[in-house]
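Undergrad: Shown below is the structure under consideration.
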Amino acid sequence: MLYTTIQQAAPALRDAMTAARHILVTSHINPDGDAVGSSIGLTRILRAMGCRVTMVLPTDLPSLAVVLPDAPEVGVYSQGASLPADVDLVVLVDTGSISRIEPIFSAERAYLAQRPLLVIDHHATNSGEGFLNLVMTEAAATCEILGLLAQAWNQAIDAETATALLMGLVTDTQSFQTSHTSPRTLRVAADLLALGGRLNEVMRSMMYGKPFAHAKALGMAIERMHDEGDIIWTEFTQAMQQGTGADDEAGDEITAYLSRVATAKAYVLFKERRDGTVKISMRSQPGIDVGSVAHNLGGGGHREAAGATLQMGLAEARELVLSTLRSALA
C-alpha cells in the first residue's frame, strides 16, 4: 500500500509498528543528517509509544551526529555480524530503495525477505517496496514527515527527539535554502524548536565544526575545478585524500562549495574511492533535475541534490556522467 499523506497513513503505520514485537530501523549507505536524524527520531518516538526498537545503519555515522546523545547507540553493520533474530518488522527511513542499504542488502537478503518492510521517505525515486509505504515527495526531509506523524499520533516529542528531527531538516534543506523548503517545513522546524530542539548545536556541528584537513581538501579541489558553462565539476582523488589526511566527509564540503557558483546549471564532484569505484555527487539550480540523471546511473536522491556510485575508474566515470548531463541539460 502506498500512502502520500499523513492523514491516510498515520493509523495504518501506527497499527503496524505497535503490533510488532521488535522493530529494526535502518537507512541508506553513507548516512547523512536526515538518515541519522530520522532513524534516531523515529526510534525515540516509537519507544515512547512502548515499542522495542533496534537501530542499525549500513555504514558509519557522519561527524555531525556527535550532538545527538543517542548516536553511540546506533549500530553500524559489519560483515558477518548477525541482526536481531526476533525482529518481526523492518522500517526503512529516508531511502528510495532497499538496495541502497548496502552492505546489509547483499549480506542479509534472506533475513530481509523473511520480514515485512515498512517505508517512510520523501525521495521522488522511491520504488515503494514496503507492504506499507509513506512517500511524501513534497516534504523537504524525512524528519519533516516524522514530525507530522508524531502530531497525527498525538505523541509528545521531547527535546532530544526534537533535536534529532531538526538535524534532518537542517541538512536536507541546506539550512532552509532549497526549493523544497515550504511554509510547512518551517512550521515543523518552529514546533521542534519550541519543544526544546537544540537548533544552534545542530547548526554549529554542520557549519562550524569542520576539520582543518577538509579545508585543505577543498582548496585542492577548487584548483581542479572545470567550468563548462552549464556544468561545473571537479574531482577528489585518492592521492588528494591521502595528501590532505581528509576523511570521506570532505566531499560534502566540496560539493556545497561548487553549488554556490552562480554561472552553472549543474555541479558534479567525482570522488575516487579506495575500492576503485567513483562516487558522484550532483547539485543543480532550481528546475534542473539531476535526480533522474543519478537514478539512470543506478543512484538516487532529489531533483536538485543526488548521487550514485559507479563501478568504473575516474576517467571513464567523468566521460559517462558529463556526457549524460550535457544531454539532459540540452
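Undergrad: With the contact rule set at Cα under 8 Å and sequence spacing of 6 or more, what percent relative contact order holds for the range 1-146?
TA: About 29 percent, as a whole number.
Undergrad: While we're looking at this one, here's another question. Using only the Cα atoms of the range 177-277, construct the convex hull and provide its projected area averaged over every direction, in square nanometres to one decimal.
TA: Mean shadow area of the hull around the Cα atoms is 8.3 nm².
Undergrad: Now a separate question. Convex hull volume of the Cα atoms in the range 269-330, per residue, in Å³? Could you put the intermediate results ahead of the total?
TA: Details: hull volume 4.0 nm³, N = 62.
Once divided by residue count, the hull of the range 269-330 is 65 Å³.
Undergrad: So what is the relative contact order for the range 226-275, in percent, with contacts set as C-alpha pairs under 8 Å and at least six apart? Present the calculation step by step, with values, prior to reporting the outcome.
TA: Values: 54 pairs, mean separation 27.4, N = 50.
Once normalised by length, the contact order is 55 percent.
Undergrad: Amide H of Thr125: which non-local residues (sequence gap of 5 or more, or other chain) have their own amide H closer than 5 Å, using H built in the peptide plane?
TA: Those qualifying (amide H under 5 Å, at least 5 residues apart or on another chain) are Gly301.
Undergrad: Volume per residue, Å³, of the convex hull around the alpha-carbon atoms of the chain? Provide the component values of the computation, followed by the final result.
TA: On the way: hull volume 42.0 nm³, N = 330.
In the chain, the Cα convex hull volume per residue is 127 Å³.
Undergrad: Short version: ³J(HN,Hα) in whole Hz for each residue of the range 4-20, in order, from phi by Karplus 6.51 cos²θ - 1.76 cosθ + 1.60 (θ = phi - 60°), x for Gly and Pro, what are they?
TA: The phi angles translate into 10, 9, 4, 4, 5, 8, 3, x, 5, 5, 4, 4, 5, 7, 6, 7, 6 Hz.
Undergrad: Sort out the exposed loop trypsin sites (Lys or Arg not before Pro) in the chain (DSSP loop, at most 10 other Cβ within 10 Å) and tell me the longest stretch that has none. Please report the intermediate quantities before stating the final value.
TA: Details: sites that count: Arg21, Arg260, Arg274.
After excluding every exposed loop site, the longest remaining stretch is 22-259.
Undergrad: What is the percent carbon and sulfur in the accessible area of the range 26-155, measuring with a 1.4 Å probe over the protein chains and ignoring ligands?
TA: 52 percent
Undergrad: Let me ask something else about it. Averaging sequence separations of C-alpha pairs under 8 Å and six or more residues apart, then dividing by the length of the chain, give the relative contact order as a whole percent.
TA: 14 percent
Undergrad: 222 nm [θ] for the chain, helices only, -39500 (n - 2.57) per DSSP H run of 4+, per residue, to 500?
TA: So the calculated ellipticity at 222 nm is -12000 deg cm²/dmol.
Undergrad: Based solely on C-alpha atoms, express the radius of gyration and the Dmax of the range 40-149 in angstrom.
TA: Computed over the Cα atoms of the range 40-149, radius of gyration and Dmax are 13.9, 38 Å.
Undergrad: Then there's this: Using only alpha carbon positions, build the gyration tensor of the range 131-188, then give the equivalent ellipsoid semi-axes as the square roots of 5 times its eigenvalues, largest first, whole angstrom.
TA: Values: eigenvalues 64, 46, 19 Å².
That gives 18, 15, 10 Å for the three semi-axes.
Undergrad: Rounded to two decimal places and with Rh computed the Kirkwood way over Cα pairs, what is Rg over Rh for the range 35-75?
TA: Working: Rg = 10.1 Å, Rh = 10.6 Å.
So for the range 35-75, dividing Rg by the Kirkwood Rh gives 0.95.
Undergrad: Mind listing the long-range amide H neighbours of Ala141? Cut-off is under 5 Å, sequence gap 5 or more, other chains count too, H placed in the peptide plane at 1.01 Å from N.
TA: Under 5 Å from the amide H of Ala141: no residue qualifies.
Undergrad: With equal scatterers on the alpha carbons only and no solvent term, can you work out the Debye log10 of I(q)/I(0) for the range 187-228 at 0.25, 0.26, 0.30 1/Å?
TA: Taking Cα atoms of the range 187-228 as identical point scatterers yields -0.84, -0.88, -0.99.
Undergrad: For the range 219-330, state the average projected area of the convex hull of the C-alpha atoms over all orientations, rounded to one decimal in nm².
TA: Approximately 6.2 nm², given one-decimal rounding.
Undergrad: For the pair Glu102/Glu73, report the inter-label distance in nm, with labels modelled 7 Å from Cα in the Cβ direction.
TA: About 3.1 nm separates the two model spin labels.
Undergrad: Please report the net charge: other residues with Cβ closer than 14 Å to the Cβ of Arg224, K and R +1, D and E -1.
TA: Net charge around Arg224: -2.
The values are calculated or read from the model by the stated rules, or taken from the named source; none is laboratory data. Note that this is a predicted model, so its numbers are computed, not measured. So basically every Cβ, Gly included, is an ideal-geometry build from the backbone, and we count neighbours across all protein chains shown. Note: accessible area is taken over every heavy atom of the protein model, side chains too, but ligands, DNA and RNA are not part of it. Shrake-Rupley method; radii C 1.70, N 1.55, O 1.52, S 1.80 Å.
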